[in-house]
Amino acid sequence: MSRNQTRTRPVTGPEETAEDLLRALAPQVVGVLTRRFGDFDAAEDAVQEALLAAAVQWPGEGVPRNPRGWLIQVASRRMTERVRGERARRRREDLAAGQVPADRQAAPPADTDDAAARDDSLLLLFLCCHPALSPSSAIALTLRCVGGLSTSEISRAFMVPEATMGQRISRAKQRIRTSGIPFRLPDDKDRARRLDAVLHILYLIFNEGYVTSEGPDLQRVELSREAIRLTRALHQLPPGDSEVAGLLALMLLTDARSAARTGPAGELVPLAEQDRGRWDAGAVAEGIALITAALPRGPLGPYQVQAAIAAVHDEAATAAETDWPQILALYGVLERLSANPVVSLNRAVAVAMVQGPAAGLDILNTLEAEGRLAGHHQIHVVRAHLLDMAGDAQGALENFQEAARRTAGLPERHYLTIRAARLAAARPGLGHRAGEPPLP
């Protein structure tokens, strides 16, 4: 056994400690092997085998002094064995032999270059989030190869069969293999487009974890935490992009409210009703510091503006003390930077809080007339709240019910159904008109 692989101590801590170490090292090792051998798909498979070997050996034999080097050595051997054993892929063996000197196929020296490890992780993140992939494929591939989640974990998170998720990941790797995408950082000309894709995928992963699109759970903590971890790693790499800082701040300021978002039975608790004493003060402070430092640097981007909005919410000691005029101004900026119907929907709420519910309802009517949120349950949620503010209990009840019918998330459906039931209970006879059966 070489010096750099001398065992230090048995793994005696919680099982999660070893798992966290392997999860953090996996993308670095995949990056190293892809750079050396030029085959992302085979590298990912070889690293999975090395991770399995580590999970079996380390708990009893101890963690190597250089765990990253150990994984690189084992995975490299798997790659070499696979190349040599497949005569039909002789060209890959020649490529590997040409790219990897014989002395580097032995146990690598102890890794002291943390920057190189981070660069490999960044390369892998950019590769998995390439614009050539669909968002669903990029999310799955990023979680698998960069986040270190198993196919089973990802399939459970998105509530699809494991075989389906496995096929999705395989197709994504095949797309990368046939596209000829080089395994290197994009040049200056392509960086902005590629970085936008990376941030978008991380944003989607976080949102799916924070508010699940369907199923019995309100949030999937493993997804939102993984998105924060990956964004934090991206933020630590040069050149210190302001939008990366903005996205990390947005995630931290939003995730800080997680503990207060659900009641004792797992029911949804809206922002205005949350116990702000349960918010993570440390995450709030970090998020505010990040966005405060990022805004002056520029250029201004949508993630920074969203983080600024989240900061205004989090800085308010109570819901009544929220600075809605400032939030409305920020939504105006956000609409100019990134016009989309969801932003307009949120601006309608801010308008209602500043100018009254009628003004907010006018914006909703325009959105609906344009068909910009047709079939989306959120437009009914917002309309219900604004109608309730305006004193139209019947209209509010009908929209709460319609929103509940349209949403696939069970906690949100329960919340909306309860809101409708409370309105009906407060006003006997509400919800049933002449010729209509009473509500059950």
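The values are calculated or read from the model by the stated rules, or taken from the named source; none is laboratory data. Just so it is clear, the structure is predicted and the values come from calculations on it, not from any experiment. With ideal geometry, Cβ positions are generated from the backbone for all residues, glycine too; neighbour counts draw on all protein chains shown.
Just the residues that are over 20 Å from Asp323 (Cα atoms) and touching a helix residue (DSSP H, G or I) at 6+ places or on another chain (Cβ under 6 Å), please, taken from the range 268-289.
Leu268, Arg278, Ala283, Glu286
Select from the range 304-357 the residues that are of a type in the set (Lys, Arg) and buried (at least 19 other Cβ atoms within 10 Å of the Cβ) and list them in ascending order.
Let us first name the residues in the range 304-357 that are of a type in the set (Lys, Arg), namely 336, 347.
Scanning the range 304-357 gives a single hit, Arg347.
Within the range 256-286, work out how many residues are modelled with pLDDT under 95, among the acidic types (Asp, Glu) and closer than 19 Å to Leu202 by Cβ.
0
Does the range 295-315 hold any residues that are modelled with pLDDT under 95 and more than 18 Å from Glu335 (Cα to Cα), and which are they?
Pro296, Arg297, listed by residue number.
Return yes when Gln236 is more than 30 Å from Ala319 (Cα to Cα), polar (S, T, N, Q) and at pLDDT 80 or above and no when it is not.
Details: more than 30 Å from Ala319 (Cα to Cα): yes; polar (S, T, N, Q): yes; at pLDDT 80 or above: yes.
Yes.
So which helices (runs of 4 or more DSSP H) are wholly in the range 306-424 and hold at least 3 residues that are under 22 Å from Leu268 (Cα atoms)? Full working, then the answer.
On the way: elements: 324-337, 341-355, 357-370, 377-390, 393-406.
So the answer is 341-355, 377-390, 393-406.
What is the number of the single condition among (1) modelled with pLDDT of 85 or more; (2) more than 22 Å from Leu230 (Cα to Cα); (3) touching a Lys or Arg at 6+ places or on another chain (Cβ under 7 Å) that Val29 does not meet?
That leaves (2) as the condition not met.
When the residues of the range 273-303 are filtered to those that are assigned to a loop (DSSP other than H, G, I, E, B) and not acidic (Asp, Glu), which remaining residue is surrounded by the most Cβ atoms within 10 Å (Cβ to Cβ)? Write out each step before concluding.
Our first condition is that a residue be assigned to a loop (DSSP other than H, G, I, E, B); within the range 273-303, this holds for 274-275, 279-280, 298-301.
Among the residues that remain, those that are also not acidic (Asp, Glu) are: 274, 279, 298-301.
Values: Gln274: 17, Trp279: 19, Gly298: 9, Pro299: 8, Leu300: 18, Gly301: 22.
My answer is Gly301.
Out of Glu81, Glu49, report the one residue that is at pLDDT below 85 and assigned to a helix (DSSP H, G or I). Show your work before the answer.
On the way: Glu49 fails: at pLDDT below 85.
Step by step, each of Glu81, Glu49 is checked, and only Glu81 is at pLDDT below 85 and assigned to a helix (DSSP H, G or I).
Is there a residue being assigned to a helix (DSSP H, G or I) and without any contact (Cβ under 8 Å) to a residue 40 or more places away in the chain anywhere in the range 259-266? Outline the logic, then answer.
Narrowing the range 259-266 to residues assigned to a helix (DSSP H, G or I): 259-260.
Pick out the ones that are also without any contact (Cβ under 8 Å) to a residue 40 or more places away in the chain and you get 259-260.
Looking for residues that are assigned to a helix (DSSP H, G or I) and without any contact (Cβ under 8 Å) to a residue 40 or more places away in the chain, one finds at least one in the range 259-266, hence yes.
When you scan the range 116-221 for helices (runs of 4 or more DSSP H) that lie fully inside it, which ones turn up with 2 or more residues that are closer than 24 Å to Val29 by Cβ, modelled with pLDDT of 85 or more and within 15 Å of the chain's Cα centre (by Cα)?
Values: elements: 135-141, 151-157, 162-179, 188-210.
Result: 135-141, 188-210.
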